[in-house]
Amino acid sequence: MSIKPIYRSSKNKIFGGVAGGLAERFKINSKVVRIAFVIVFVFPGTTLFAAIGYIALWIIMPIKKSEDNSKNNTSDFFKQFFGKKEAGRVVDAPHVEKKSE
């Protein structure tokens with residue numbers, strides 16, 4: 001009997017991919033795992049336990065390598081909001097109006 005490893009999800013993630021990875025490993029809906037984390041987090045007396053547990057899993061669990069990792073890169077998420085930096089200035093940010101020279 002082999003034990004399947006648990007990975008953080010690189011596709012199904014909101015914060016760190018912990019809930020998505022647990023859901024993929026146990027073959028359940030990731031919403032169920034996220035709701036369970038929220039319930040444990042807001043239940044009186046367990047907030048610190050839930051926060052430390054989530055952060056510990058985030059640190060301990062390795063990221064599952066996907067076939068197309070470029071689309072799932074966190075830096076791409078930030079680039080879509082902040083644009084690329086070139087020579088100390090931000091370019092190609094969708095919310096920044098380009099000034100004509």
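Nothing in this text is a laboratory measurement; each read-out follows from the coordinates by a stated rule. Predicted model only: the values in this text are computed from it and were never measured. Glycine gets a Cβ as well: all are built from the backbone with ideal geometry, and neighbour counts include every protein chain shown.
Odds and ends about this structure:
- Mean Cβ neighbour count within 10 Å, used as a protection proxy, ranking 31-37, 20-26 highest first: 20-26, 31-37
- Placed amide H near R8: partners under 5 Å, 5+ positions off or other chain: I63, K64
- Using the average count of surrounding beta-carbon atoms within 10 Å as a protection proxy, the listed peptides 55-64, 6-15, 40-49 rank, highest first, as 6-15, 55-64, 40-49.
- Built amide H within the under 5 Å cut-off of T46, gap 5+: none
- Rh (Kirkwood; distinct C-alpha pairs) - region 7-64, Å: 11.3
- Karplus 3J(HN,Hα) series, Hz, for region 15-22 with 6.51 cos²θ - 1.76 cosθ + 1.60 (x for Gly, Pro): 9, x, x, 5, 5, x, x, 5
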